[in-house]
Every structure is written in C-alpha cells, then in structure tokens.
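K.L.:
The structure is given below, and queries will be raised subsequently.
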Amino acid sequence: MSFFDTDFHCHVLPGIDDGAANLEVSLGLIHMQAEQGVKTVVATPHYRQHQQSVARFLQNRQAAYEQVMAHAFPGMPRILLAAEIALERNLSELADIERLGCAEMNTLLIELPLFESYRKWMVEEIEEISYRTGMQIVIAHLDRYVDMYSTKDYSDILGISGAIFQFNLSAFSDRKGKKLVKQLVKDEYPIIFGTDCHNLEHRKSNFDVLAKQMKKYEPSITVERLFNGID
Ligand SMILES: [Fe+2]
C-alpha cells in the first residue's frame, strides 16, 4: 500500500449513500479504479449524525461491502472500510465516532459543511474529536471551499494540529484548486488524494490524474506513517 496507489476518498459501495446506486455501478467504478492503478480503495460512504446511528450505518456498510466481495475479481483493489463524516455541531459528543474511521490507518475523514461559511466552532469541534479519539483527522476535499473561504479561514483549518488534508483529483482541473494544492505541497503540508467518485457519469473515477500531476511529489513523513504496518 502506498500514497501513489491508494484512493483515499470514494463512494463505491452500492446503495448506501448518493454514491454507487447499485452493484453494477459499484463494480464498474472499482474496475475503473483498478485500470487506473488503484491497489487500495478506502471506501468512505457519507455518515450524517442527525440521520442515522453509528450502529445502523456500520450494519449497512458491512452489507454493501459483502455484496461487492461476493463479486470479487482478479486484480481487484483491496477495500478498506471508513466513512466521510459530515461535521455538525456536537459531533465530538457522538459515541463510537472512532468506529467510523479507517481502522488500518487510524484516520477519521471529516467533511466541513458545504453550504455554510466558515465558523470558528468547526475547527474547535474537530480539535475536540482529535483529542477525544486520538485518531488522525483527515479534512475531506479541501479544494471544495476555494470560492467560499478566505485565506484566514483556510489558515485556521490548516492549523488544526496533526491534521492531514485530502484533495479531490478534480482540483487539478480548477485554477484555484490547483493553486491551493501547489501551495500546500510547497509548504510541505501532509496531503493525500481521492477521486471522490460517485457514479459512472459525471463523477467517475479519475485516479489517472494523480500519476500525471504528481510526478515530483514526495509524500510527507506524516502521510507515510499512515501506511506503517499495512502491506
Ligand atoms: Fe465524498
């Protein structure tokens, strides 16, 4: 497992969120990832605290995973189970939040609110989750907020202690997104990439972009640590 063959964020499990609608789409996406060089898929279906319990989510996720595994094919990437957790007020009080993380990497992928301006409570909540769980926090698709957040907002988020920053590979086709990636690479922030693929139409897997864009990129020590003890 390495930085260059891992899709850290995607919605390939069938029928569990707004990602792969059924098994056919799910297998289509996983085939696409395999063709693009993905060896490890971190499956991150959406989790929203106000919509369901952790126990129910884990049950649904397991059933979706088993459906896929019943159709495993030669050369299929390994699938690690995790979640994309929507940040809400009081998320840090959610019992069992650590069970939503990727057990192999000890990470929790957290998505900032999509239609809200940045507010101080967001970072405070994340810091609290990090402190409480002792897990490595990954901030999902940092590129998605370039039209909403100011430089000051971004610097608050980049200041979250010990966090890793995930970018969608689509950031490379957006001027501001690409600029942000380049800046973080230059400043040696720990960054990782994901396709955030959802379907076979407008949100397909685009993992091939990574090899084209990041030839000169050396993953940071923090990121390499994610793979400690994982084959
Ligand atoms: Fe996502």
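The values are calculated or read from the model by the stated rules, or taken from the named source; none is laboratory data. Here the structure is a predicted model, which means the values were calculated and not measured. All Cβ positions, glycine included, derive from the backbone under ideal geometry; neighbour counts span all protein chains shown.
K.L.:
Out of everything in segment 1-29 that is among the aliphatic types (A, V, I, L, M) and away from the ligand (no atom under 16 Å from the Cβ), what residue ends up being modelled with the lowest pLDDT?
P.N.:
Met1
K.L.:
Scan segment 13-26 and report the pairs whose first residue is under 14 Å from Arg48 (Cα atoms) and whose second residue is of a type in the set (S, T, N, Q) and at pLDDT 95 or above, with Cβ atoms within less than 8 Å and a gap of 6+ or a chain change.
P.N.:
Final answer for the pair search is Ile16/Asn60.
K.L.:
Same structure again: Please go through segment 120-157 and pick out each residue that is without any contact (Cβ under 8 Å) to a residue 40 or more places away in the chain, under 21 Å from Ala171 (Cβ atoms) and not in a helix (DSSP H, G or I).
P.N.:
Ile137, Ile139, Val146, Asp147, Met148, Tyr149, Ser150
K.L.:
Here's another thing I want to ask about it. As an exercise: evaluate Glu104 against (1) surrounded by fewer than 16 Cβ atoms within 10 Å (Cβ to Cβ); (2) in a loop (DSSP other than H, G, I, E, B); (3) not polar (S, T, N, Q) and give the number of the one condition it does not meet.
P.N.:
(1)
K.L.:
How do the pairs read when you match residues in segment 40-59 that are farther than 19 Å from Ala20 by Cβ with residues anywhere that are assigned to a helix (DSSP H, G or I), using Cβ under 8 Å and keeping only pairs 6 or more apart or on different chains?
P.N.:
Gln49/Leu91; Val54/Ile97; Val54/Arg99; Val54/Leu100
K.L.:
Okay, moving on. Being modelled with pLDDT of 95 or more, within 16 Å of the ligand (Cβ to nearest atom) and within 13 Å of the chain's Cα centre (by Cα) is true for just one of Ala64, Ala83. Which residue is that?
P.N.:
Ala83
K.L.:
Any residue at all in segment 170-181 that is β-branched (Val, Ile, Thr), assigned to a loop (DSSP other than H, G, I, E, B) and more than 16 Å from the ligand (Cβ to nearest atom)?
P.N.:
No, segment 170-181 contains no residue that is β-branched (Val, Ile, Thr), assigned to a loop (DSSP other than H, G, I, E, B) and more than 16 Å from the ligand (Cβ to nearest atom).
K.L.:
Quick test of your reading of the structure: Val138 fulfils all but one of (1) of a type in the set (A, V, I, L, M, F, W, C); (2) over 21 Å from Val12 (Cβ atoms); (3) surrounded by 14 or more Cβ atoms within 10 Å (Cβ to Cβ); (4) within 16 Å of the ligand (Cβ to nearest atom). Name the failing condition by number.
P.N.:
If we test Val138 against (1) of a type in the set (A, V, I, L, M, F, W, C); (2) over 21 Å from Val12 (Cβ atoms); (3) surrounded by 14 or more Cβ atoms within 10 Å (Cβ to Cβ); (4) within 16 Å of the ligand (Cβ to nearest atom), just (2) comes out false.
K.L.:
Can we say Gln51 is of a type in the set (S, T, N, Q) and within 16 Å of the ligand (Cβ to nearest atom)?
P.N.:
yes
K.L.:
Mind listing whichever residues of segment 22-40 are buried (at least 19 other Cβ atoms within 10 Å of the Cβ), out of contact with any Phe, Trp or Tyr (no Cβ under 6 Å at 6 or more places or on another chain) and not in a helix (DSSP H, G or I)?
P.N.:
Result: Thr40, single match.
K.L.:
Name every residue in segment 92-106 that is at negative phi and among the acidic types (Asp, Glu), in order of residue number.
P.N.:
Hits for segment 92-106 are Glu93, Glu98, Glu104.
K.L.:
Here's something else I'd like to know. Specify which of the listed residues (Ala171, Ala163, Ala103, Ala83) is closer than 23 Å to Ser2 by Cβ and touching an Asp or Glu at 6+ places or on another chain (Cβ under 8 Å).
P.N.:
Ala171
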